[in-house]
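Undergrad: Can you read through this structure? Questions will come right after.
The values are calculated or read from the model by the stated rules, or taken from the named source; none is laboratory data. Just so you know, these numbers come straight off a predicted model, no measurement behind them. Reconstructed Cβ throughout: ideal geometry from the backbone, glycine too, with neighbour counts over all protein chains shown. Accessible surface areas use protein heavy atoms only, side chains included; no ligands, DNA or RNA. Shrake-Rupley method; radii C 1.70, N 1.55, O 1.52, S 1.80 Å.
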There are 2 protein chains.
Amino acid sequence: MNRSTDALALGRLNVPKAGDVLADQLRRRICSGELREGQGLPTERELVEQTSLSRMSVREALRILEAEGLIVTRPGRNGGSQVRRPTGDALIRHLELFIWGRHASLDDLHDVREALEALAAEGAARRRTEADVKELAEKTAALEAAVDDVDAYLAANLDWHKAVARASHNELLVGFMNVLTRVIHDATASEAFDSSQVRASTVRVHRDILAAIVDRDADAARRRMARDVAAARRVALNWDHAHRDRAPQSAPEPPRARPAAETAHHYRSADKADATRNARGTRKRT
Amino acid sequence: MNRSTDALALGRLNVPKAGDVLADQLRRRICSGELREGQGLPTERELVEQTSLSRMSVREALRILEAEGLIVTRPGRNGGSQVRRPTGDALIRHLELFIWGRHASLDDLHDVREALEALAAEGAARRRTEADVKELAEKTAALEAAVDDVDAYLAANLDWHKAVARASHNELLVGFMNVLTRVIHDATASEAFDSSQVRASTVRVHRDILAAIVDRDADAARRRMARDVAAARRVALNWDHAHRDRAPQSAPEPPRARPAAETAHHYRSADKADATRNARGTRKRT
DNA sequence: TCAACAATATTATCAGACCAAATAGAGCGC
DNA sequence: GCGCTCTATTTGGTCTGATAATATTGTTGA
């Protein structure tokens, strides 16, 4: 055939759209510090004038930045777009999608979670503040108090692990752990923890971990946390293997390899920090 | 004042826009498996008809999903939107923005990476196949061969680490490591590894790790990998501290703390799989 | 003084058109 | 028949202009 079939093979040539390039430019200006947090960005109509693009393309650019968490934009008179530092929320959303896209098996998820939980415990032992200790003590007490109610116990447990991650003062770790614990939690039948003996034992281990964090004993914290998480994994997977035949809840047949991790893990309104998805849009026209 | 100033304080009430709710709905349908990879999604005009929204809102929804990596959309006759599993690219972008926003987190990033690399080495030692060993041996040899060229060495190094993750047969881990190594690589000045002594030592360690993986000695693999990555982190950060005063390339004063992570981490055409951002848009009107 | 109301700035949305790109298929020459 | 080109059609990409919703600000009257 004609030449250049092998050399210079530039596949699929991604043509950027108008909104994309504007978003790129604005993003660069924001990240370079030229536009600071707080009030920034011209109004849409000013941008239209400056760029000589259409309103639509300008809005697309703003929408992209908004999805990235770089700006928030409000309607109304002193409205417009303000520059923001991205919080973890957007990152978490994308992490969740990423995990979904990988069809990771529950085993894989647990492996990664174990590694990160251990890291969190270690970091917490190293960098905890007094306030962290206070919070962790409270969460531990709450966990003990909830030991008789399976669902309350699971929620408290989730909460406790998140608090440990926070105490490590590693924001990235907090984000990863939030997502992982949530996905695993959603994919795990709560009946697996229906044994009060299991729960009591976990509470004991958690108290030991807390002690290690208080003592700033990073090594003990890591070891104990690793054991705790591994135990939880065994409990969950054992139950899962024993009851594998339960009815799939809604999707008729997730035909991928490992159905356990596939079914239920998207958009649960489980715990805190889920306010973004609440407001029901009751403002469509007739 | 009037009542409800304290109780029922729902602040800032996030009003979702039309495009958002459509995007949510489509996302749910995609993630539930109702829409599968490959051809999917109706055309824009069909969606307009079905939802009785305007073309603009429909396009906003599609643009959101596209930014999330869930769909790709191509113009032209058999064009339209295809469902895709998100690759790491979108996640990489958001991770970079995130660590830009929390300016202290290059350290955090390294912490997480250390934990995951160790896990990868351990998993590789446990679950490697003969093919994995063969590939790892090749990559190790390539690394040795590239020891004299800094850039080639760094690329080979990246490649080697990815191969280890693959050998662990944990899809999630592979994805995470791809993302993390890429972000760290982009944020790290290659000059930091300008010492051939450092490189030679790293090669030696890598050979030891490979030996441990071949022997299925998970513990040794984990330990050695942890040491290797920690050493690399020290090298990078030391260089960073020593050269903190170099001129920032364009922005007059990035007022945040760590300029190293600020300058060069967006849109690098470093290694493979970066064909998406090349095409220069030369199609604006007169 | 202050509460209701009008003016206004700004985003959100709609509507309809036209442009550009990619493919399918007809037509044509060999 | 085979392959090329050219045209028609489908589809996303963009523009224009107008209207609605929303939030702030100023004003006015009790």
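Undergrad: Could you tell me whether segment A:45-62 includes any residue that is under 30 Å from A:VAL164 (Cβ atoms), buried (at least 17 other Cβ atoms within 10 Å of the Cβ) and within 11 Å of chain B (Cβ to nearest Cβ)?
TA: Step one: of segment A:45-62, the residues under 30 Å from A:VAL164 (Cβ atoms) are none.
No; the residues of segment A:45-62 include none that is under 30 Å from A:VAL164 (Cβ atoms), buried (at least 17 other Cβ atoms within 10 Å of the Cβ) and within 11 Å of chain B (Cβ to nearest Cβ).
Undergrad: Within segment A:79-127, track down each residue that is within 15 Å of the chain's Cα centre (by Cα), within 28 Å of B:ARG36 (Cβ to Cβ) and at the interface with another protein chain (Cβ under 7 Å from one of its Cβ atoms).
TA: A:ALA90, A:LEU91, A:HIS94, A:LEU95, A:LEU97, A:PHE98, A:ILE99, A:TRP100, A:GLY101, A:LEU109, A:VAL112
Undergrad: Could you tell me whether any residue of segment A:128-144 is open to solvent by less than 30 Å² (accessible area, probe 1.4 Å) and facing chain B (nearest Cβ under 9 Å)?
TA: no
Undergrad: Which residues, taken from segment A:180-230, are over 26 Å from the mean Cα position of the chain (by Cα) and not in a helix (DSSP H, G or I)?
TA: Hits for segment A:180-230 are A:ASP194, A:SER195, A:ASP215, A:ARG216, A:ASP217.
Undergrad: A further question on this structure: From the residues in segment B:63-72 that are within 18 Å of B:PRO16 (Cα to Cα) and within 12 Å of DNA strand D (Cβ to nearest atom), which one is least open to solvent (accessible area, probe 1.4 Å)?
TA: Result: B:LEU65.
Undergrad: Further, regarding this structure: Can you find even one residue in segment B:73-85 that is modelled with pLDDT under 95, among the charged types (D, E, K, R) and open to solvent by less than 20 Å² (accessible area, probe 1.4 Å)?
TA: No, because not a single residue in segment B:73-85 is modelled with pLDDT under 95, among the charged types (D, E, K, R) and open to solvent by less than 20 Å² (accessible area, probe 1.4 Å).
Undergrad: Within segment B:114-127, is even one residue surrounded by fewer than 20 Cβ atoms within 10 Å (Cβ to Cβ) and outside any helix (DSSP H, G or I)?
TA: Checked against the condition, which is being surrounded by fewer than 20 Cβ atoms within 10 Å (Cβ to Cβ) and outside any helix (DSSP H, G or I), segment B:114-127 yields no hits at all.
Undergrad: When you scan segment A:46-59, do you find a residue that is under 28 Å from the mean Cα position of the chain (by Cα) and outside any loop (DSSP other than H, G, I, E, B), even just one?
TA: Within segment A:46-59, one or more residues are under 28 Å from the mean Cα position of the chain (by Cα) and outside any loop (DSSP other than H, G, I, E, B).
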